[in-house]
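Enquirer: Quick one: the structure is below, questions incoming.
Every number here is computed from the coordinates shown, using simple stated rules; none is lab data. All figures in this text were calculated on a predicted structure; none of them were measured in a lab. No Cβ is skipped: glycine too gets one built from the backbone with ideal geometry, and neighbour counts run over all protein chains shown.
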Amino acid sequence: MSDFEMLAGRISDIRTEEDGAHASGIEKRVVFSPNRHWSDYVARHFAVSEGTESPFHSHPWPHYIFILSGRCDATIDGTTYPLEGGCWAFVPPGVEHSLRNTGEGSFEFICIVPPEGDPDAVK
């Protein structure tokens, strides 16, 4: 059965990509995309190692973030929000942002972007 035909599964079984575009110590798994059940968006699972921080960056698309576990500081447009499992964050288009793991162990989150936010996921 192809990835597109799969209707359920474990996130840990999805191929891991090192998210080197942002920082080492960040693993990415594409859960849903135009290639897998969601034509309009890309839903990625990220695991961020203890002490890891993504560099500040911005881009012309929004992020929709759901924190699954662990703790982080999300700095969005100059304001820092302490977040933990069960929290959410929205990053508007064009706004500088960064996530920093502030807990012990990794923190994990789901980040949803339009396809232009993760062009590798739609190849």
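Enquirer: Taking a point 7 angstrom from the Cα of HIS57 along the C-beta vector, which residues in the stretch 87-123 have backbone N less than 16 Å away?
Expert: Those under the cut-off are 91-101, 111-122.
Enquirer: From Cα coordinates alone, what are the radius of gyration and Dmax values for the chain in angstrom?
Expert: 14.0, 46
Enquirer: Another one. 5 Å is the cut-off here: which amide hydrogens, built 1.01 Å from N in the peptide plane, fall below it relative to GLY25, excluding neighbours closer than 5 in sequence?
Expert: Hits under the 5 Å cutoff: none.
Enquirer: Distance in nm between label sites at GLU116 and TYR64, each 7 Å beyond Cα in the beta-carbon direction?
Expert: For the pair GLU116/TYR64, the computed spacing is 1.8 nm.
Enquirer: Check which residues have an amide H placed less than 5 Å from PHE32's amide H, if you skip close sequence neighbours.
Expert: ALA43
Enquirer: Restricting to Cα pairs below 8 Å that are 6+ residues apart, what does the relative contact order work out to for the chain? Please round to a whole percent. Mind dumping the intermediate values first?
Expert: Working: 291 pairs, mean separation 34.2, N = 123.
It rounds to 28 percent for the chain.
Enquirer: To the nearest 20 Debye, how big is the dipole of the chain about its Cα centre, given +1 on the beta carbon of each Lys and Arg and -1 on that of each Asp and Glu?
Expert: The calculated dipole for the chain is roughly 200 debye.
Enquirer: Taking the DSSP beta bridges in the stretch 22-123 as the whole, what percent of them are antiparallel, to the nearest 5?
Expert: Working: 36 of 37 bridges.
Bridges in the stretch 22-123 that DSSP calls antiparallel: roughly 95 percent.
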